[in-house]
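In what follows, a single structure is set out as structure tokens and then discussed.
Every number in this text was worked out from the coordinates using simple rules, so none of it is lab data. Everything numeric in this text was worked out from a predicted model, so none of it was measured. Note: ideal-geometry Cβ built from the backbone for every residue, glycine included; neighbour counts use all protein chains shown.
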Amino acid sequence: MEITLFTNLLGAFGLGAASGLNPWIPLLGLGLAQRLGVVELSSSFDWLGATPTLLVLVALFVLDLIGDKVAVVDSVLHAVGVVIAPASGAVVFAAQENLLSNTHPVLAGGVGLVLGGTVHAARSVLRPAVTATTGGVGNPVISAVEDVVSTVLTVLAVVVPVLAFLTLVGLVAWAVVVLRRWRARRLRDRQARAGAARGPGGVTGASDGSPSTPAPGQPGLP
């Protein structure tokens, strides 16, 4: 029993992170798993597996799935997600019985809230950069990747919780490496532009085309 509660806790981290990528997928996945008897939720979260709840979640999931692929609509959804993603993370982290939710349910909800909110904030920073660099063409691709990762984390959290946690750790490590490389590339680009602006010998060229003043000790131009 203690081992199951511990593995469920690891899976809860995967569900919380999945909420930051798509708040409806982990809610829907956990509700379906509870309805099919795959997982056991705390009694106060039995409503997740109820038919009306599942129907509403399916409708919201479809709307989000389509809307997040459209350039203006995705910005609106991200703004709403500032509230929805943390709330979803809090629910899925505390819903399944685990070591933390059984003893400190409020703390479990708080951890899920922070986890879902942090992941959502990260993707909200990334999306405008993708829009600016691709003219919005890359948004549907990034959105599809987020949906796939959220689905994978949700399925693993339900079926193999330990693997969900390890996958999350791997994704975080990969994101850190990519971020560092991106920052290093930006720094090199800035240094290259600064060097080009200074010109040969480190002297900034005149921008108006007027002749430069000769340095002391050097003959002037005829």
statement: Taking Cα pairs closer than 8 Å and at least 6 residues apart, the relative contact order of the stretch 54-156 in percent is 26 percent
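Loop-only chymotrypsin sites (Phe, Trp or Tyr not before Pro) in the stretch 3-49, please: DSSP not H, G, I, E or B, and at most 14 other Cβ atoms within 10 Å.
Sparse-neighbourhood loop chymotrypsin sites (Phe, Trp or Tyr not before Pro): none present.
Using a Förster distance of 25 Å, how high is the FRET efficiency between Val82 and Arg180, based on the Cβ-Cβ distance and rounded to 0.05?
Using R0 = 25 Å, I get an efficiency of 0.40.
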field: Normalised alpha carbon radius of gyration of the stretch 2-194 [divisor 2.2 N^0.38 Å]
entry: 1.08
query: What's the center-to-center distance, using Cα atoms, between the stretch 24-69 and the stretch 153-179 in Å?
result: 21 Å
- prompt: Could you give the dipole magnitude of the stretch 2-194 about its Cα centre, charging the beta-carbon of Lys and Arg +1 and that of Asp and Glu -1, in debye to the nearest 20?
  reply: 1240 debye
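Can you classify the stretch 12-111 as rounded, prolate or oblate using the Cα gyration tensor, where a ≥ b ≥ c are the square roots of its eigenvalues, rounded means a/c under 1.5, and otherwise it's prolate if a/b beats b/c and oblate if not?
It is oblate, given that a/c is not under 1.5 and a/b is not larger than b/c.
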